[in-house]
Amino acid sequence: MKRILLHILFWTVYLLQDSIMQFTWTVAPLPRISDAERMRLAIIAATVVAIPKAIFSYFVIYFIFPQALKYPGRRWQLAALTTVVLAVLILIHRYINYYLVGPVIYGGAIRSIPVLNLAYLLLTVMDFGFVSGFAFTFKLLRMQLTGKEREKALVQDKLQTELKFLRNQTNPHFLFNTLNNIYALARKRSEKTPEMILKLSKLLRFMLYESGKGSICIAEEIRIIEDYLELQKLRFNERLRIHFHKQADEEGTRLAPLLLLPFVENAFKHGVSETRFNSFVNIDLRLENNVLYFVISNNTDEGQMQPEQIGLGNVRRQLELMYQDYQLQVTNAAQVFTVNLTINLLSHAKI
């Protein structure tokens with residue numbers, strides 16, 4: 001429907017300018033006719049003589065051009081065919097002017113120029129070239145715009161697929177780690193096992209029904225981190241000190257789901273789980289004016305936790321896909337591993 005409207009608009013504009021030219025040329029030959037009547041006759045005449053031009057324009061756009069793209073070796077044959085069709089349509093155009101426009105539409109008040117008059121034949125060729133050239137140019141522009149939209153859609157589909165793949169890698173990773181924790185408690189016949197399973201079910205419910213969304217409230221992300229920390233407290237008992245400070249000026253602010261949890265998970269998997277004494281995890285989460293500040297630190301054995309070995313590549317790639325304004329700094333110094341993340345949540349990209 002949009003394409004039809006564009007075609008109607010193009011020919012309406014062309015016929016309007018051609019009618020105005022006809023109206024101007026007929027002022028002297030038709031002095032006794034009112035302007036309204038002369039304009040009506042000009043519109044009729046412009047419409048009639050535009051028929052061969054429209055036929056040639058659509059012939060070039062929808063037959064010659066696609067054939068030239070599909071069969072590059074046949075361009076000379078197509079050029080010859082175009083020349084023949086152009087010559088035939090020019091003759092038809094000249095016959096319409098000679099036998100219909102002057103004698104019939106204008107009632108013989110305008111002198112008809114002979115069909116094979118060389119000067120008018122050249123003017124007709126220029127007229128055909130003008131119309132078909134503009135039509136062809138608009139066709140190319142529309143193809144270019146359509147191609148860019150298609151390319152943009154393909155890029156978005158690729159990014160969405162990549163993002164889903166990254167999240168699907170992260171979620172099973174988290175699940176398997178937690179199941180291993182429950183398994184360890186079950187072997188010890190710990191009374192904490194049922195409570196841990198219950199908390200895991202809450203986390204699974206969140207991952208199944210919420211993590212697929214484009215964004216969630218910051219309050220939901222905080223709640224999922226708290227549930228995960230409770231699971232770890234059940235596992236490590238007094239051996240682990242956890243400090244989680246959170247402050248959000250607007251808890252309804254939205255961010256990508258499960259974006260912060262992988263950092264917390266890595267602090268336990270590659271930090272706490274590998275240390276023997278005085279393990280700690282400190283988390284500071286602040287939200288101020290739509291800017292998220294997230295700092296997490298944990299103790300490690302000397303040289304144990306290397307930034308390139310802790311599996312944060314997926315999260316880094318998710319950040320690249322989802323946010324245009326962010327900073328991620330990972331440091332390992334003096335047996336303390338720290339992740340410092342700052343995100344401008346207003347820079348969320350539309351994928």
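The values are calculated or read from the model by the stated rules, or taken from the named source; none is laboratory data. Keep in mind it's a predicted model, so treat the numbers as computed, not measured. Cβ sites come from the backbone with ideal geometry, for glycine too, and all protein chains shown count toward neighbours.
Look at segment 29-40: where a residue is in contact (Cβ under 8 Å) with a residue 40 or more places away in the chain and a partner is surrounded by 10 or more Cβ atoms within 10 Å (Cβ to Cβ), sitting 6+ places away or on another chain with Cβ atoms under 7 Å, you get Pro29/Ala109; Pro29/Ile110; Leu30/Arg38; Leu30/Ala109. For a quick check of your reading of the model, give me the residue pairs whose first member lies in segment 182-195 and is under 13 Å from Leu231 (Cβ atoms) and touching a residue at least 40 places away in the same chain (Cβ under 8 Å), whose second is assigned to a loop (DSSP other than H, G, I, E, B) and not small (Gly, Ala, Ser), with beta-carbon atoms closer than 7 Å and at least 6 apart or on different chains. The qualifying pairs are Leu185/Lys192.
Out of everything in segment 54-80 that is within 36 Å of the chain's Cα centre (by Cα) and of a type in the set (A, V, I, L, M), what residue ends up being modelled with the lowest pLDDT? Filtering segment 54-80 for residues that are within 36 Å of the chain's Cα centre (by Cα) and of a type in the set (A, V, I, L, M), the one modelled with the lowest pLDDT comes out as Leu69.
Here Ile43 qualifies as surrounded by 12 or more Cβ atoms within 10 Å (Cβ to Cβ) and free of Cβ contacts under 8 Å to residues at least 60 places away in the same chain. In segment 69-110, the residue that is farthest from Lys53 (Cα to Cα) out of those that are touching a residue at least 24 places away in the same chain (Cβ under 8 Å) and part of a loop (DSSP other than H, G, I, E, B) is Ala109. Selection within segment 206-216: residues that are outside any loop (DSSP other than H, G, I, E, B) and at pLDDT below 75. The member of this set that is nearest to Glu250 (Cα to Cα) is Phe206.
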